[in-house]
Every structure is written in C-alpha cells, then in structure tokens.
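Taking it in order: structure first as structure tokens, then the write-up.
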Amino acid sequence: VTMLNVRSIDPAAQDLIKKAHKDGIETVWDRYDKQQPQCGFGSLGVCCRHCIQGPCRIDPFGQGPDKGICGATADVIVARNLLRQVAAGAAAHVDHAYDAVEALELAAQGKIDYPIADAGKLKAVASGLGIDSEGKEPDALALEVVRVAYGDMGNHHNRPMKWVSAHAPKQRLEVWESLGIIPRNPDREIREAMHQTTMGMDADPVNLLLATAKQGLVDGYAGLKLATDMQDILFGTPAPVVTEANLGVLKEDYVNLIVHGHVPLLSEKIVQWAKTLSPEAEAVGAKGVQVAGICCTGNEVLMRQGVPLATNYLAQELAIVTGAVDAMVVDVQCIMPSLSQISSCYHTELITTMPIVKIPGATHVPFALEKADEAAQEIVRKAIGAYARRDPNKVHIPDYRAKIIAGFSVEAIAGALGKLDPVQPLKPLADNIVNGNIVGVVATVGCNNVKVTQDIFHVEMVKELLKNNVLVVATGCSAHALAKAGMMNSEGTERYAGNTLKAVLRAIGEAAGLGAPLPPVLHMGSCVDNSRIGDLVTALANYLGVDSAALPVAASAPEPQHEKALSIGTWAVAMGITTHLGVIPPVLGSKQVTELLTVGLAEVIGGKFYVETEPQKAALGLIEDIRKKRQALGLDQ
Ligand code: NFS
Ligand code: SF4
C-alpha cells in the first residue's frame, strides 16, 4: 500500500519531508530506499543464526538447500524465529509492567513521591484478585496487590499466573488449559522460549506455535494487563479529555517539550513540572511550556492528562525537523537511534533517561523513581535552556491539528453508557450489537511501518468499517493516525459513520451530555492499554454468556513494525479473535507455519491471523468474519 512517491498521507508529515530534504536531513524513508532490495531470505523468515555453524538459509524456490546444517527445515526455522520475535515483544511489555509494579510498591511504602491517584481502581483490581479491601488503607491494600504481582513474577510452582486466571474469560481458560499454554511466570516462560529455540531443541512446528501462543498470554496478562492496572492505580483511570493531534500542536512562542517512548512513570512528572516551571519559561521570553507526545508515552499522558498528541512512530524524526522542538525526552521502545543525528542539525536537546536506552550524542539524564522529580525538573529546565538557542530561520510548524476526544477506558465507556442504563451499563452496547445497529467491533492497533504509506492503511480501512456500521476502538500509533485524520471527534461521526452506527453514537452522546455524538473511533490508549480492549471483550463475553471467540469482534494491526505488535496480535488470536495484519510477517517461507497461523490455529484456539495488504479488502474481510460470527450466534438470518 505504498502510493507512488507518497511517504505519508499526513499533510504535516508531507510538509516536513520536503523541509527535511531542503535541510539535508536523511529520514527513515531515505534509509528505507537505501536498503532496497531487502533480503528475500529474511523476508520469508528462512534464515537462521541460532548457532555459529550458520548462518543457514533455505532456498524458498526448492533448488538450493532445503535444510540448515543441523537439519532444521524451513518449517522449524520459521517457527523458531517467530517464537523468538513474539517472546521479545512479550519481554518488552513484561519489563514495562515490572517497572510499574515496583513503582506501586515503593509508592505504597512511602519511599517515592508518587501518591496513589485512584483508590477506586485499586479496590477493583484487588477484588478481581480475590483480595478483601474492607477497612484497609490504600497503601496497605496496594502492597497486597503488589504481593500477588510479585508472586506471579516469581512463581516457582506449576500453578497458573494469578493475573491470567483472575482476568481471562472462563471459557478461554478451559481452552488454554487443554492446550497446556497457561503461563506460570513470565520470566520463566520467556526464558523457556529462548531455550526452546536455541540450537538442537524443539523441531516440531506445532509445538513451537503453541509455545508462541503461550507467549501471547504472557504478553497479554503479565505485560499489558498488569502494566495498565498498575498505571491506573498510580496515575488514575482515564476519563474523556478533549485536545488536539498532529504537529500543529507545537507552538512557536512556547518552549516545546516532547515526551516519546512508552512508560508514563517519568512523563507524568514532566507534565506536572512543565506547569510548575512555566514562570521560568516566561522569564526567557516564552509564553509557557507546551508538552506534546509521540508514540505510546504520548498516548499515556493524553489519556490521563489531556496532553496533545504530536505524532506517531514514523514521523518522530520530522517532529525535530520543525526546528521548534526544544527538547525531546525518550524512555523506552520505538525510539529511532537516528534522532540523535537529526537533533544535532537543530538546537533540539535529545534526552535519554533509561539505563537500557542510551544513544551517543544524546544527553543522558538518569531516571530513578526515588529522584523522579529532580530528573523531571532537570529535563524541563534543559528544554527552557534550549529555547534560547532556537533558530527562527529553521522553524516551520505545519499548521495541521485535529480536534480529538480521547480517554475511553472501559470505566469511561461504561460511564457514558451508564447514562442510558445505570444498572447494566453494557446493555445498550450489547443490545445494539445484537440488533445489528452496530454490526460489530474492530480494534485497530499497532504501529506505522515504513513499508506502508504512513497512516493510509489505518485511515482507509477504518473509513470502510465505519461506513458499514462497525464501531472502531483504537490504541497505539493506530490511534494517533485516526486522531490526526479527524476520526476521533463528533464531526467524524457525522462524516464517516453509517446510519445505524451514527444513530447509536448520537444517542449515547446526548445521554452522556456531550451535546454531540460520541466519536466513531474510541481512543482506548497506548499499546499496553490493549488490555482495556481485552477487558471490554471479556466483559461483553461474560455479559452475553458466550466465549470471546464467538463475539462479532475482530482486531487489526494495519501497519505493524514492532515485535510487540506480533505479541499483542498473538494474544488477540489466543482470545479467539480474528486478527488482521496489513504487513506480512516473515513466515511465508514455511507453508506449514503459514497454514497453521491463518487456518489451522482457528480449529484449536478459535482465533487466527488474517493477512491482507489492501485496506478496503481488509475491511471487507473483517466484516465478513464478523458476519459469520453473527450468524453463528443466531443474530443474523
Ligand atoms: Ni505499539 Fe507504542 Fe507505535 Fe508500534 Fe511503537 S509506539 S507500543 S509498537 S510503533 S504502536
Ligand atoms: Fe544452521 Fe541449525 Fe545452526 Fe540454525 S541452528 S544456524 S539452522 S546449523
């Protein structure tokens, strides 16, 4: 889906790509061109470097070697590579979640300056885990919750993780149990995946794919769900906020500070200190400090603090090309190393913060929970200091921004629906799905990928879904794309939603007191917040008394790039959900693995991957899948 010579459909990005060329800046698209042609073996997943007798590669045309030196076939090599990728994605999310658990522990012990913001969520999480919160102070209760989380992280027995058994749909637990894929302890499972895929281990593609499915569950519960729960307790459960998206949110007369990465532990502090230190910005002639977000850290502070979105993954470099970004602070994941070279061409201070993410050329301000306020102040002051060095001749802020309503946690959705039915808040949604006003729900998630014209797949596919009365919920860089395209506001409902969907969104909007329809795409947060989508699916399944695999619900990562997108997708498939990918992952070198992922898996686990590289076709394919599920439930004749 690359439109000839079009790198992006985002007008701000288009504008800045031109400026990058004028300024002599090399971007991700230029480097992509220099990589052409990309290796065919790698693209098909048939190269192996798991031991140093290799590298080995299989000839996909059947004329050269059909086995690696040790005898591994294409099926084995592809399946092993996939398992490692999914395990790496899960590792990133589990590491993120672990940091959040640690933060909650230290907060509850009073050792760090992070007050527990949401005692209500704490109680809800505790009760989900079977902990009685009666008469307990939040700090004491939080420590009990933390103990369960650490219990999962350090579980040395063969019992299932509590975070899984407490939160998964009941029918799903039975399916996973029968397949033997319920995780015990995330670190152990990830370690086992590395072991299982090293030289001379598992040579059974089916067994390797089941292990991959298990990693999906590690990701979904020990990563996404755990991280979101901890972060909501610490920083609050999102509620609707109104702001704007796209690089036009940067302001010429303000200090512009961008937060980029994934973990809100530091960015929450930065948002707070940017307000407090605003007088210092005024002292250097700026009107204040404007914070804006890139990637999932951006989504986190958007959802809870209403901070505007700057842009998504593929345009991170272009933010600096505006010449108006005084500082960009990064934490973990999806951070292009090129940011350092590009910021050196402008006045931008690039600041790394984490011990496992250092980039030569960037300033490193070490972040530790115990000294979070100090680090945040230092970073805001660096941004203010850089403002004076800004070169007005290099500044160009493209004047594009779209109004957005975000903050749709499950709690917020239930709150809005509760205006229609306070006793059973899910009933209005379920009823409208059952009667067909809402044909189904599709979650669009994941990244941008340089192989696809930026944002085009997200936007074009979602247009088609909305037109066909499918409600869309979004997270990650997909949410950014749809926000920038004007699909997260009430005008978007009038413009894009089919008639019956529009009527439902109008009714909910009126009842919720918005005075306008609910947006047709609900922003549910960052990539770890895919747990919120999981919670919504679980709640709907429980409400209707069916397996999540039976629901008229589908998922899509239209432009996936990261291993995390694969691990999230694997979790969705394990939930029994058909999961579309708009970019082909490196598996086509094995017929058997490809067949299992797209067909065979469905027989055992209920969900499957669906690959389609054309947006309209993908939308129609997902709708067809949803229609089949409706029929099976007896909703459509
Ligand atoms: Ni998700 Fe978020 Fe974006 Fe992809 Fe990267 S930011 S965790 S991985 S690129 S959506
Ligand atoms: Fe080659 Fe086997 Fe070693 Fe892989 S593990 S590099 S296929 S010999």
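Read-outs throughout are calculated quantities, based only on the coordinates presented, and are distinct from any laboratory measurement. Fair warning: this is a prediction, and the values are worked out from it, not measured in the lab. FYI the Cβ positions are ideal-geometry reconstructions off the backbone, even for glycines, and counts take in every protein chain you see.
Each 5 Å bin from zero up to the one holding the largest Cα-Cα distance in the stretch 1-74 carries the following percent of pairs: 3, 13, 17, 15, 9, 8, 10, 10, 9, 5, 1. List the trypsin sites (Lys or Arg not before Pro) within the stretch 537-637 that DSSP assigns to loop and that have no more than 13 neighbouring Cβ atoms inside 10 Å. Here no trypsin sites (Lys or Arg not before Pro) fit, given the DSSP loop and packing criteria. Quick one: Debye curve from the alpha-carbon atoms of the stretch 191-250 only, equal weights, vacuum; give me log10 I(q)/I(0) at q = 0.15, 0.22, 0.25, 0.29 Å⁻¹ to two decimals. With one equal scatterer per Cα and no solvent, log10 I(q)/I(0) is -0.68, -0.91, -1.02, -1.10.
Taking 0.36 nm per residue of separation and subtracting the current Cα-Cα distance, fully stretching the chain between residue 147 and residue 51 would add 30.6 nm. Charge dipole of the stretch 469-616 (Cα centre as origin; +1 on each Lys and Arg Cβ, -1 on each Asp and Glu Cβ, all else neutral): 140 debye, rounded to the nearest 20. Shape class of the stretch 307-464 from the alpha-carbon gyration tensor: prolate, with a/c at 1.5 or above and a/b greater than b/c. Test of the criteria: in the stretch 30-99, which trypsin sites (Lys or Arg not before Pro) are in a DSSP loop and have at most 13 other Cβ atoms within 10 angstrom of their Cβ? Answer by residue number: 49. One compactness figure for the stretch 360-402 is 1.60, namely its Cα radius of gyration divided by 2.2 N^0.38 Å. Taking 7 Å steps out from each Cα toward its Cβ at residue 282 and residue 431 produces label points 5.1 nm apart. Each listed q (0.17, 0.19, 0.21 Å⁻¹) maps to a log10 I(q)/I(0) for the stretch 1-146 from the Debye sum over equal C-alpha point scatterers, namely -0.93, -1.06, -1.21.
Give me the number: length gained by fully extending residue 510 to residue 371, i.e. 0.36 nm times residue separation minus the C-alpha to C-alpha distance, one decimal in nm.
45.5 nm
Taking the centroid of alpha carbons for each part, the stretch 48-104 and the stretch 247-287 are 40 Å apart. Calculate I(q)/I(0) for the stretch 495-559 by the Debye formula, one identical point scatterer on each C-alpha and no solvent, and give its log10 at q = 0.14, 0.23 Å⁻¹ to two decimals. Rounded to two decimals, the profile gives -0.58, -1.13. Under the simplified labelling scheme, the residue 393-residue 66 pair shows an inter-label distance of 6.6 nm, with each label point 7 Å from Cα along Cα→Cβ. For the residue pairs 34/591; 467/629; 18/564; 225/403; 123/427, the alpha carbons lie more than 27 Å apart in 34/591; 18/564; 225/403. Taking 0.36 nm per residue of separation and subtracting the Cα-Cα distance, full extension of the segment from residue 31 to residue 591 would add 198.5 nm. In terms of its alpha-carbon gyration tensor, the stretch 424-554 comes out oblate; a/c meets the 1.5 threshold, while b/c is at least as large as a/b. The alpha-carbon atoms of the stretch 274-328 define a convex hull whose volume equals 78 cubic angstrom per residue. Label separation (residue 206 vs residue 43): 3.2 nm, computed from points 7 Å beyond Cα along the C-beta direction.
Per residue, the convex hull spanned by the Cα atoms of the stretch 491-637 measures out at 137 cubic angstrom. Simple point charges give the picture: +1 on the Cβ of Lys and Arg, -1 on the Cβ of Asp and Glu, and for the chain a dipole about the Cα centre of about 800 debye.
Given the chain, report the % of alpha carbon pairs whose separation exceeds 46 Å. Percent of Cα pairs beyond 46 Å in the chain: 13. In this calculation the C-beta distance from residue 159 to residue 344 is compared with R0 = 51 Å, giving a FRET efficiency of 0.45.
For the pair the stretch 420-474 and the stretch 140-178, the centres of their Cα atoms are 30 angstrom apart. Per residue, the Cα convex hull of the stretch 261-397 amounts to 95 Å³.
If one computes the Cα centroid of the stretch 348-415 and of the stretch 196-240, what distance in Å separates the two points? Answer, in whole Å: 28. Between Rg and the Kirkwood Rh of the stretch 143-270, both from Cα atoms, what is the Rg to Rh ratio? Reported Rg/Rh (Cα atoms, Kirkwood Rh): 1.11. The Cα atoms of the stretch 119-210 cover 55, 27, 20 Å along the three principal axes, with the biggest extent listed first. Taking all Cα-Cα distances within the stretch 43-117, those exceeding 18 Å account for 58%.
Overall shape of the stretch 327-408 was characterised from the C-alpha gyration tensor. The equivalent ellipsoid obtained from it has semi-axes of 23, 19, 15 Å, in decreasing order.
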